[in-house]
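Engineer: I am attaching a structure below and will ask some questions about it afterwards.
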């Protein structure tokens, strides 16, 4: 049971975020920084009372999203490596990944991203199984 929970946490907490973060960052630098895209996003908008080019705001979010996903995955790898293999996973860490998957589902729904929406449901299913296993293990201790 402990091994299954760790594998599910590794998949949802580390593999998925690092993979998505790498893909996002590669796409950012390969396609989204092209001159025609930058020019398209030169339109000015007011954010927090200041006029800013959409490119500046979007570029920051785009890059940081990819980097943040990778950091989440790497931190989860560090977490898994730091706890004994036969110990229960921290429930708070699993709940954080549940919230992460709920955000994935929300964004997939809100911005019409079908793969993200269903990927979030898949991830939520896996992390929910992980949570159930961890709760069962902690109740047996």
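Engineer: State the number of residues belonging to region 32-87 that are over 18 Å from the mean Cα position of the chain (by Cα), closer than 30 Å to residue 141 by Cβ and either modelled with pLDDT of 90 or more or surrounded by 10 or more Cβ atoms within 10 Å (Cβ to Cβ) (or both).
Structural biologist: Counting residues in region 32-87 that are over 18 Å from the mean Cα position of the chain (by Cα), closer than 30 Å to residue 141 by Cβ and either modelled with pLDDT of 90 or more or surrounded by 10 or more Cβ atoms within 10 Å (Cβ to Cβ) (or both) gives 5.
Engineer: Here is a further query. With respect to residue 95, determine if the residue is surrounded by 15 or more Cβ atoms within 10 Å (Cβ to Cβ) and either touching a residue at least 60 places away in the same chain (Cβ under 8 Å) or within 26 Å of residue 134 (Cβ to Cβ) (or both). Break it down into steps so the answer makes sense when it comes.
Structural biologist: Numbers: surrounded by 15 or more Cβ atoms within 10 Å (Cβ to Cβ): no; either touching a residue at least 60 places away in the same chain (Cβ under 8 Å) or within 26 Å of residue 134 (Cβ to Cβ) (or both): yes.
For residue 95, the condition - surrounded by 15 or more Cβ atoms within 10 Å (Cβ to Cβ) and either touching a residue at least 60 places away in the same chain (Cβ under 8 Å) or within 26 Å of residue 134 (Cβ to Cβ) (or both) - is not met.
Engineer: Next question. Which condition does residue 136 not pass, out of (1) loosely packed, with under 13 Cβ neighbours inside 10 Å; (2) under 19 Å from residue 17 (Cβ atoms), if it passes all the others?
Structural biologist: (2) is the only condition that residue 136 fails.
Engineer: Let me ask something else about it. In region 99-131, what residues are under 15 Å from residue 10 (Cα atoms) and surrounded by fewer than 18 Cβ atoms within 10 Å (Cβ to Cβ)? Can you show your working first?
Structural biologist: Filtering region 99-131 down to residues under 15 Å from residue 10 (Cα atoms) leaves 100-101, 122-131.
If the condition is that a residue be under 15 Å from residue 10 (Cα atoms) and surrounded by fewer than 18 Cβ atoms within 10 Å (Cβ to Cβ), then 122, 125, 128, 129 are the ones that fit.
Engineer: Please tell me if residue 57 is part of a helix (DSSP H, G or I) and touching a strand residue (DSSP E or B) at 6+ places or on another chain (Cβ under 9 Å). Spell out how you get there, then give the answer.
Structural biologist: On the way: part of a helix (DSSP H, G or I): yes; touching a strand residue (DSSP E or B) at 6+ places or on another chain (Cβ under 9 Å): yes.
Taking the combined requirement at face value, the residue satisfies it.
Engineer: Go through (1) under 23 Å from residue 84 (Cα atoms); (2) loosely packed, with under 11 Cβ neighbours inside 10 Å one by one and return the number of the condition residue 12 breaks.
Structural biologist: Result: residue 12 passes all but (2).
Engineer: In region 28-78, which residues are touching a residue at least 24 places away in the same chain (Cβ under 8 Å) and over 30 Å from residue 89 (Cα atoms)?
Structural biologist: Result: 28, 32, 33, 59, 62, 63.
Engineer: If I ask for residues that are at pLDDT below 95, part of a helix (DSSP H, G or I) and more than 17 Å from residue 20 (Cα to Cα), which ones from region 88-120 would you list?
Structural biologist: Correct list: empty.
Engineer: Moving on. Taking the conditions exactly as written (in contact with a helix residue (DSSP H, G or I) (Cβ under 8 Å, 6 or more places away or on another chain) and more than 30 Å from residue 6 (Cα to Cα)), does residue 74 satisfy them or not?
Structural biologist: Working: in contact with a helix residue (DSSP H, G or I) (Cβ under 8 Å, 6 or more places away or on another chain): yes; more than 30 Å from residue 6 (Cα to Cα): no.
In short, no.
The values are calculated or read from the model by the stated rules, or taken from the named source; none is laboratory data. This one's a predicted model, so the numbers in the text were calculated from it and none came from an experiment. Note that each Cβ is placed from the backbone with ideal geometry, even for glycine, and that neighbours are counted across all protein chains shown.
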